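The values are calculated or read from the model by the stated rules, or taken from the named source; none is laboratory data. Since the model is a prediction, treat every value here as computed from it, not as a measurement. Every residue, glycine among them, receives a Cβ derived from its backbone with ideal geometry; neighbour counts consider all protein chains shown. Keep in mind that these areas ignore ligands, DNA and RNA; they rest on the heavy atoms of the full protein, side chains included. Shrake-Rupley method; radii C 1.70, N 1.55, O 1.52, S 1.80 Å.
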Amino acid sequence: YFEERCILITLNTFIGNEDLIKLLRISVSAAKQRNTALPHILLKGPAGTGKTTLAEAIAREFGTAPLTLTPTTAKKSEDLRKLFLRMPGAGYDNGGKIVGTIRPQIVFCDEIHQLPLLAQENLGIAMQDWRLLVRLNGKDVFEWVPRFTLIGATTLPGKLSKPFLDRFRIQSDFETYSLEDTIRIVEVHAKAQELLLGPGVKEAIARRSRGVARLVVRFLDRVADAAVVAAQGREELKKRVSLDLAE
C-alpha cells in the first residue's frame, strides 16, 4: 500500500502485525547467516491490508524485487520453469547444490487459492525439494531450481490443498488496521505527498478508511486534488488540507 508513492517500506518501518514482523526479522537474519531461503509464508486476510507491501519489504531485505506469480501464469510446469529461470543462479553448482553465497528470490502470488491443483502440486514439490518436473527433449525429468520463498496471499485459505498448505511454515492472519495504526499510515502518506493536514484531518481520513490501508491512499489522493482546486491558483495553499475541505 506504500509503493504508489515510491515509499520504500522495510521490515523496520512496516506498520501493524507486530508479532509477525518480529518473527520475520529473526527468520531473515537466520536465513542470511545460514545462506538459505526463508520458510514459505502464507498471508491470510482481506484485501488492502498490506500483504503485497510486506512481500516487497521482505524481498528488499535480500536485495531483490519480488517476482510475481499468478494463477494464470502457473498452470503448466513450463510456465513455472520460465519463472525459475529468471531467478539469481549464482552460488550453485551444475546440480543445484549450494557452493557459494546465494541470493534467495521472493515470489509473490496474490489470490493463491485460485491456483489449479496441478500447479499446487508442481509448485509444492519445488517448494520442498528444490526441483521441478519438466519435459525436455521428449522426456519428463526433474530440473533443479534456485532457492526461493513463496509468499502467498489469500482470502480463502480453505481452498488450498492440504499438502500445498503444509508447505507454508509461516502462516499469519492479516486484519484491518486499528484506528491508531491507520492514523500512522495517513501520516506517512501525507508526508510523502508533502500535504499539510489541519487539526482533525488525519482522524477523519482514518475513520473513513475503516482500517484498510488502500482506502487511505485513495482518500488522500482525493483531498490532495480538492486542495489544489480550492487554492484557486494560490501556490501556498495547494498543499494545505483543512478539516472542512476533507469532510
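For this structure, a couple of remarks:
- Peptides 106-115, 14-23 ordered by average Cβ neighbours within 10 Å, highest first: 106-115, 14-23
- Alpha-carbon geometry of region 113-247: the Rg and the Dmax are 23.6, 71 Å, given in that order.
- Relative packing of peptides 32-45, 59-72, 230-243 - highest average C-beta neighbours within 10 Å first: 32-45, 59-72, 230-243
- Close amide H pairs (under 5 Å, H built 1.01 Å from N) link GLN171 with LEU42, residues at least 5 positions away or on another chain.
- Burial ranking of peptide ranges 214-223, 128-137 (average Cβ count within 10 Å, highest at the top): 214-223, 128-137
- Over 19 Å [Cα-Cα, region 140-207], rounded percent: 60
- Rounded to the nearest 20 debye, the dipole magnitude of the chain is 580 debye, with +1 charges on Lys and Arg beta carbons, -1 on Asp and Glu beta carbons, and the Cα centre as origin.
- ALA65 versus ASP19: modelled label distance in nm, points set 7 Å from Cα along the beta carbon direction: 3.5
- What region 1-122 shows is 49 Å² of accessible area per residue, with the surface traced by a 1.4 Å probe over protein heavy atoms.
- Taking a straight Cα-Cα cut-off under 20 Å and skipping sequence neighbours fewer than 8 places away in the same chain, the lysines within cross-link reach of LYS32 are LYS22, LYS97.
- Summing charges over all other residues whose Cβ lies under 10 Å from the Cβ of GLN105, with Lys and Arg as +1 and Asp and Glu as -1, gives +3.
- With the convex hull of the Cα atoms taken as the outline of region 69-118, the averaged projected area works out to 4.1 nm².
- Whole-percent carbon and sulfur share, accessible surface of region 51-167, 1.4 Å: 52
- Working value for region 181-247: equivalent-ellipsoid semi-axes of 20, 11, 10 Å, each the square root of 5 times a Cα gyration tensor eigenvalue, largest first.
- Size of region 1-120 from its Cα atoms: along the principal axes, largest to smallest, the extents are 42, 35, 25 Å.
- Farthest positive-ward along region 105-247 dipole, Cα basis, beta-carbon charges - from LEU220, GLY198, LEU123: LEU123
- Tensor-based shape of region 120-176 (alpha-carbon gyration tensor, a/c under 1.5 rounded, otherwise prolate or oblate): prolate
- Label separation (LEU243 vs LEU117): 5.8 nm, computed from points 7 Å beyond Cα along the C-beta direction.
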